[in-house]
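Student: Mind looking over this structure? Questions follow.
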Amino acid sequence: MAIKDNLGVVSSGLGILGTIIAATIYVNSNFAQAADVEKILKNQTRQIELYTEAQRSNKVFQLEYYDDRLKKLTDEREKAKAQANRPQSQRSVTRSVDEIQTDIDDTKMRREIVRDSIIKEKQ
């Protein structure tokens with residue numbers, strides 16, 4: 001009878017141990033560990049930082065592009081003004097001063113939008 005009692009205790013113990021192991025495996029496979037969640041959050045934070053840096057770089061590039069464009073358009077406008085004083089037969093083909101000025105105004109507006117977004121980003 002002692003063996004039967006011991007066998008019952010052992011089988012009960014193994015049943016409880018099996019249940020604990022099964023529950024542990026279930027929890028580990030279905031729920032994230034705190035370290036995993038922390039790692040995921042760090043990765044997401046880093047991705048957001050990299051995206052923000054890329055956006056800032058793109059905006060600075062746009063600002064430089066608009067500065068260069070303004071310089072070229074201003075030079076073109078000055079050449080067009082100089083061409084306007086020449087006789088028609090001596091003029092090279094250029095756009096009108098008004099058309100160039102419209103482009104300059106549009107570029108200035110776009111440049112200000114980018115500049116303002118960079119300033120707002122820093123605040």
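The values are calculated or read from the model by the stated rules, or taken from the named source; none is laboratory data. Just so it is clear, the structure is predicted and the values come from calculations on it, not from any experiment. Heads up, the Cβs are rebuilt from the backbone with ideal geometry, glycines too, and the neighbour counts pull from every protein chain shown.
Student: For a quick check of your reading of the model, give me the residue pairs whose first member lies in region 96-113 and is in contact (Cβ under 8 Å) with a residue 24 or more places away in the chain, whose second is among the acidic types (D, E), with beta-carbon atoms closer than 8 Å and at least 6 apart or on different chains.
Tutor: Every condition considered, the pairs that remain are I100/E76; R111/D67.
Student: Restrict the check to region 46-67 and report whether at least one residue is at pLDDT below 80, in a helix (DSSP H, G or I) and out of contact with any strand residue (DSSP E or B) (no Cβ under 7 Å at 6 or more places or on another chain).
Tutor: Within region 46-67, none of the residues are at pLDDT below 80, in a helix (DSSP H, G or I) and out of contact with any strand residue (DSSP E or B) (no Cβ under 7 Å at 6 or more places or on another chain).
Student: Can you name every residue in region 1-30 that is modelled with pLDDT under 75, surrounded by 10 or more Cβ atoms within 10 Å (Cβ to Cβ) and not β-branched (V, I, T)?
Tutor: If the condition is that a residue be modelled with pLDDT under 75, surrounded by 10 or more Cβ atoms within 10 Å (Cβ to Cβ) and not β-branched (V, I, T), then N6, L7, G8, S11, S12, G13, L14, L17, N28 are the ones that fit.
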